[in-house]
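Read the structure below first, then the notes.
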Amino acid sequence: MNALLEISNIYPELCAIENIVKEKRTPVLVSGVTGAQKNHLIYSVAKKLGKKALVITGDISETNVIKEDLEQLFNNNVLLFKQKEYVFYDVEISTKDIECERIKTLASLKDASAIVATASSLMQYTLPKEMFEKYRFGIKVSDEFDLTDLSKKLVEMGYKRVSQIEAMGQFSIRGSILDIFTPCHKNPMRIEFFGDEVDSVREFDLMTQISIENAKEVLIIPVREMIYDDVNPIIEKIQKLKNENFYSDIQKLTENGYFPSMDKYLPFVYEALPTLFDYLDDDYIVFVDEYSKVSENIKFYDKEQNEIITNLLDKGLFPKSKKSYFLNNLDNYLSKPSVYLSAVMYAGGDAKIKEVVNISAKTLPSYSGKTEFLYDDLNYWKQNGYRVILLISSKSKLDSIKTSLENEDIDAQVTESLDKIPNEGQIIMSVGSLSKSFEYPTIKTVVLSDKSFAPSSVKKKRHRTNSKNAIKSFDELHIGDYVVHRTHGIGQYIGIKQLVVDGITKDYIQIKYKNGDYLYVPTNQLDFIHKYVGAEAKNVKLNKLGGVEWHKTTQKVKESVMELAEDLIKLYAERNSLKGYVYPPDTPWQKQFEDDFKYEETFDQLKSINEVKADMEKGKIMDRLLCGDVGYGKTEVAIRAAFKTVMEGKQVAYLVPTTILAQQHYNTFKERMSEYCINVEMMSRFRTKKQQEKTVVGLKNGSLDVVIGTHRILSKDVAFKDLGLLIIDEEQRFGVGHKEAIKKLKNNVNVLTLSATPIPRTLNMALVGIRDLSVLSEPPENRYPIQTFILERNESVIKTAIDRELARGGQVYYLFNRVENIEVKTAQIRNMFPDARIAYAHGKMTENMLEGIMIDFLNGDIDILVCTTIIETGLDVSNVNTIIIEDADKLGLSQLYQLRGRVGRSNRLAYAYMTYEKSKVLDSVAQKRLQAIKEFTEFGSGFKIAMRDLEIRGAGNLLGKQQHGNMNLVGYDMYCMLLERAVKELKGETVSTIFETTIELNFDAYIPEKYIMDENVRIEMYKKIADICDEEDALNISDELIDRFGEYGTSVDNLIKIAYIKSLCIKLDISKLTQKDGLIIFTFNKNVSTKAIVDILADKSRKIMFSSGEKSYLSYKYNDDVLNNIKIILQSLLKSSQEDKSDI
């Protein structure tokens, strides 16, 4: 962007700043700078002097804006150095996301043009540079490493060894293959060894675990900021303190070498405590953004941390040290070449300014979609000799804007490189973007970003998730889990049992049934087994092996499912027969409205939006269900459908179950539609009688476009002039009477129903063609990860956490899930925070009282809300960024997942503290739950379990109470299969007969334990092999096994071949394949194709006999290469059979 750099050549003040820095007459105060112009100045000065920039701010919310602008300007890597959370208290586990990012920043300094950081993040100590360099290395092909030594080193660097990688900071070793996920790479990496030599390096997909592409090198860096060669000196220093409070820490260090709350021993680990500044050379210029804010940030952080340390010292829970745990100020570092940036002529604090330069610049306001004002300004600037640079965020948008300008007779030259500043009176356009537009009046220069008139540029980048693989691991089996066998019913998985029968070795799945009976299922029949998902474990009853109970249950569910399918198909057909209004394709206004959305849409959002629009443009009466968790973007889909409706002169009604949601959606609609002359109103108890009467009149005469409200919308006095779209939020939460009124309102109107609980993909597939479903399965991307801690309940930690949130103007959820004691708990918290505004809320309050409290909280009139799990769904309050969960061990994982998701909905750092009772002896269930929470917190692996639980809940909401009961009877997967078959049958589609193909071949067919040591992974691969449907599947599985585990032996090769053979048998309706007395016998389930039999018997190269009777069978006298010959025979039969069918 040389054109932007050249501005400094014609602007004397920018030249003056460059000279001051060059001549080391700093610090220099530059006043009059704001927004993107400030970032342009940073870029110009650093670039012109051939230096890098360190930008220090006092506001965490500013860091991303500055980073994005500088990335555009430098066209290079710009880094964030984030503030981490010191863990001084005893915690079981804490998230390490930010620590990994900080270390990645240290590793990326060489190639960066700029670093952006808050003052508080720079005050924190980090890893000594020499230690970092010692533990930073690369691995490439032909390098030599001893895997045992390498494994030990990775553990010292903070990596955790696991059986299968699920998150950053983990590594896995399987034979000669090392998998590792380091902060330096977007995806995990796979390193294959031949002896001690690296044979290949590959990148692999985290979801599928399959390699994506070859790589040149793996860059490995530590994943924590405290690493050391020897733990013994640290232990000795702690022992010298002679404080019994630290004995447990000594034990943890002795056993594990590290534990989560090691930060309090920081001065005992390193002699010199370094900061980021120790990594920076003289190539950096320090830019201080608003020194008064930076100074305030320093003072606040210093005070906050000292209070925590003093409190712990007083209790004897903190080691005494002469060294500080962070920098008390940044004065020594700000004396380097530094530029203080300020909007006004005031540096603030005690900054020792040597020079002052005033910049005459101004940030330009947004045009808010009013393009006529933009055209007027462009003409004015052109006529008055201004140089205008237009930055447009994409090539397609640039072409569109260029055409619009030509239509207005405004000449603008498009340039790809933007390498030259425009002439006076010239407008140039190029692809690029900045957060704001700005003007330098004294040199008549304007830099205009399309964010000022089409604010879609520089959205958050999102990546499409693979929905097929997103649920891959929900079926993971663990010993003790309940399973469903299609034929035998519900049992309990005991493990993999290897049996040798007649000299043949095979693995079997051992399942326990009622009365202690056991079933051994060959691994090639794993397609008949699913993990049971349904009722809680304590309510699951095992079936009797060989009994009639399971058959009766499945028949009962089949009949119920058939009735459901009939009803759904009938309803769907009725809706499809109705003709609706045919909406035209999107107008330019629609495109402009959608461009105003300030975030990047997820793939699921775009897909759902297109599905809704397609319904509207077909002219059919839409009845679509949109599912997704709170914050996944349902409202934006609804808003776009509403806008499309209003553009055709029709009205929209948005029905919500609570007054609070009505208020929230009303605020959102008003804000999004404010620039488009769309009249939006609300109907709820928060509106006076007079206001509601006015709204009723507006709906009748058509002057009101959109109404958002509770069941008040369903009242008899409410009538619409031309209702085009009804949006229903959480329909299951309305009463029977309201549902009847909704049915009447639905007639001949497009309906979009929203649900906050996700729907399982498999259920979605089962309902294809009888229910229009759109699913938002991609979670929102937090700008900052939620910092999560699991710890024994500790009043000091809680007080510190709440104090910090209130000090930054935020609000707090305190989750206390016992209604009978909630008033006592609230009183305790009031004693701790006498100046805070505190209230409590629970589900047993009257609706009016509860809504009043929640509205006060939403409006910021309550600081701390003590509440039950009533907040689990619904409200979206961006100002709440700390949640304390008491007795987290008593809550389910899905609950904790949703509760944690109530915070972290803004660009602030969010905190979740999951506590359990101090010194409590947990029962086995609670221990397992707590362990799951730890994994969920540390690596996100529990997310899969949480989502599964939520999806089952969503399925129950969609299908009703009775069907939810049926789901519990047979398990979720079995239920979905029965539903899918019922739908196909009623639609007249072919439904294959379910029968079990038995394979009895005398070959060792199993996965050796030494090949895949982890039983859960072994089960996963057995399941994949059992699911082989064709030869391509078999080849893919073979490739995956070699990729993930290395070359395999004969027993695995046989397993894959037999699985493929079984898939051919199923297609040919062969119920049994047996090897006996020198013969291979193929027994058919029903009559086989005559042509197939004639063709196979005509092949004289094999001795094949055919016998017809009640059951037909082929027999083949085998010699060598048995499996291959069986495959050829079956392939030949299948080909002839298919040809026979095609001739009919």
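The values are calculated or read from the model by the stated rules, or taken from the named source; none is laboratory data. Only a predicted model underlies this, so the values are computations on that prediction, with no experimental measurement involved. Virtual Cβ from ideal backbone geometry, glycine too; neighbours counted across all protein chains shown.
This table checks each residue for (1) out of contact with any helix residue (DSSP H, G or I) (no Cβ under 8 Å at 6 or more places or on another chain); (2) of a type in the set (F, W, Y); (3) farther than 22 Å from P267 by Cα.
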| site | (1), (2), (3) |
| --- | --- |
| I98 | yes, no, no |
| S113 | no, no, yes |
| A117 | no, no, yes |
| L127 | no, no, no |
| F132 | no, yes, no |
| T148 | yes, no, yes |
| K153 | yes, no, yes |
| R161 | no, no, yes |
| A167 | no, no, yes |
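In region 207-234, how many residues are among the aliphatic types (A, V, I, L, M) and under 30 Å from S121 (Cβ atoms)? First the steps, then the outcome.
At the first step, the residues of region 207-234 found to be among the aliphatic types (A, V, I, L, M) are 207, 210, 212, 215, 218-221, 223, 226-227, 231, 234.
Retained after the next criterion (residues that are under 30 Å from S121 (Cβ atoms)): 218-221, 223, 226-227, 231, 234.
Total satisfying the criteria: 9.
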Is at least one residue of region 179-198 touching a residue at least 60 places away in the same chain (Cβ under 8 Å) and touching a Cys at 6+ places or on another chain (Cβ under 8 Å)? yes
Kindly check whether there is at least one residue in region 351-359 that is touching a helix residue (DSSP H, G or I) at 6+ places or on another chain (Cβ under 7 Å), modelled with pLDDT of 90 or more, outside any loop (DSSP other than H, G, I, E, B) and among the acidic types (D, E). yes
Restricting to region 863-901, count the residues that are over 20 Å from the mean Cα position of the chain (by Cα), more than 27 Å from P834 (Cβ to Cβ) and of a type in the set (S, T, N, Q). 1
Mind listing just one residue for me: the one in region 1091-1135 that is at pLDDT 90 or above and hydroxyl-bearing (S, T, Y) and, of those, farthest from N1002 (Cα to Cα)? S1132
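Return yes or no: is I308 β-branched (V, I, T) and over 41 Å from the mean Cα position of the chain (by Cα)?
So I308 fails the test.
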Of residues in region 689-713 being hydroxyl-bearing (S, T, Y) and surrounded by 14 or more Cβ atoms within 10 Å (Cβ to Cβ), the one modelled with the highest pLDDT: T695
Of residues in region 570-609 being more than 19 Å from L625 (Cβ to Cβ), more than 23 Å from the chain's Cα centre (by Cα) and of a type in the set (F, W, Y), the one surrounded by the fewest Cβ atoms within 10 Å (Cβ to Cβ): W589
Determine the pairs where a residue that is aliphatic (A, V, I, L, M), located within region 286-300, has a partner that is assigned to a helix (DSSP H, G or I) with Cβ atoms under 6 Å apart, the partner being 6 or more residues away or on another chain. V288/V294; V294/A119; I298/A119
Could you tell me how many of the residues in region 837-862 are hydroxyl-bearing (S, T, Y) and within 32 Å of the chain's Cα centre (by Cα)? 1
The condition from (1) assigned to a helix (DSSP H, G or I); (2) without any contact (Cβ under 8 Å) to a residue 40 or more places away in the chain that S172 misses is numbered (1)
Could you please find all residues in region 227-248 being among the basic types (K, R) and not in a loop (DSSP other than H, G, I, E, B)? K237, K240
Report yes if K746 is among the charged types (D, E, K, R), farther than 28 Å from S878 by Cβ and either buried (at least 21 other Cβ atoms within 10 Å of the Cβ) or in contact with a strand residue (DSSP E or B) (Cβ under 7 Å, 6 or more places away or on another chain) (or both), otherwise no. yes
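Any residue at all in region 796-812 that is part of a strand (DSSP E or B), crowded, with 17+ Cβ neighbours inside 10 Å and either free of Cβ contacts under 8 Å to residues at least 40 places away in the same chain or not polar (S, T, N, Q) (or both)? Can you show your working first?
Looking only at region 796-812, we keep the residues that are part of a strand (DSSP E or B), and these are 811-812.
From the residues that got through so far, the ones that are crowded, with 17+ Cβ neighbours inside 10 Å too are 811-812.
Those still in the list that are either free of Cβ contacts under 8 Å to residues at least 40 places away in the same chain or not polar (S, T, N, Q) (or both) too: 812.
So far as region 796-812 goes, yes, one or more of its residues are part of a strand (DSSP E or B), crowded, with 17+ Cβ neighbours inside 10 Å and either free of Cβ contacts under 8 Å to residues at least 40 places away in the same chain or not polar (S, T, N, Q) (or both).
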Please pick out the residue among K918, K934 that is under 14 Å from L791 (Cα atoms), assigned to a loop (DSSP other than H, G, I, E, B), modelled with pLDDT under 80 and in the same structural domain as L858 (by TED's automatic domain parsing). K918
Can you tell me which residues in region 255-282 are at pLDDT 90 or above, closer than 20 Å to L330 by Cα and among the acidic types (D, E)? D278
The one condition in (1) part of a helix (DSSP H, G or I); (2) charged (D, E, K, R); (3) without any contact (Cβ under 8 Å) to a residue 60 or more places away in the chain that D263 fails to fulfil: (3)
When region 207-226 is checked residue by residue, the ones that are touching an Asp or Glu at 6+ places or on another chain (Cβ under 7 Å) and either free of Cβ contacts under 8 Å to residues at least 60 places away in the same chain or outside any loop (DSSP other than H, G, I, E, B) (or both) are S211, I212, E213, A215
May I ask you to list the residues in region 1080-1091 that are more than 51 Å from the chain's Cα centre (by Cα) and surrounded by 14 or more Cβ atoms within 10 Å (Cβ to Cβ)? I1080, I1081, K1091
Show the residue pairs that are 6+ apart or on different chains and have beta-carbon atoms under 8 Å apart, the first residue being within region 231-260 and over 19 Å from K153 (Cα atoms) and outside the structural domain of L317 (by TED's automatic domain parsing), the second being among the charged types (D, E, K, R) and surrounded by fewer than 15 Cβ atoms within 10 Å (Cβ to Cβ). L241/K320
So which pairs qualify, if the first residue must be in region 111-138 and in contact (Cβ under 8 Å) with a residue 60 or more places away in the chain, the second must be assigned to a helix (DSSP H, G or I) and among the basic types (K, R), the Cβ gap must be under 7 Å, and the two must be at least 6 apart or on different chains? V116/K67; T126/R102
Given (1) farther than 30 Å from V201 by Cβ; (2) touching a Pro at 6+ places or on another chain (Cβ under 9 Å), number of the condition I221 does not satisfy: (1)
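Conditions (1) surrounded by fewer than 18 Cβ atoms within 10 Å (Cβ to Cβ); (2) farther than 19 Å from V1052 by Cα; (3) of a type in the set (K, R), marked per residue:
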{"position": "I479", "(1), (2), (3)": "yes, yes, no"}
{"position": "I496", "(1), (2), (3)": "no, no, no"}
{"position": "G516", "(1), (2), (3)": "yes, yes, no"}
{"position": "Y520", "(1), (2), (3)": "yes, yes, no"}
{"position": "T523", "(1), (2), (3)": "no, no, no"}
{"position": "K531", "(1), (2), (3)": "no, yes, yes"}
{"position": "E549", "(1), (2), (3)": "yes, yes, no"}
Might you check whether a residue that is closer than 30 Å to S151 by Cα, crowded, with 18+ Cβ neighbours inside 10 Å and of a type in the set (K, R) occurs anywhere in region 250-271? yes
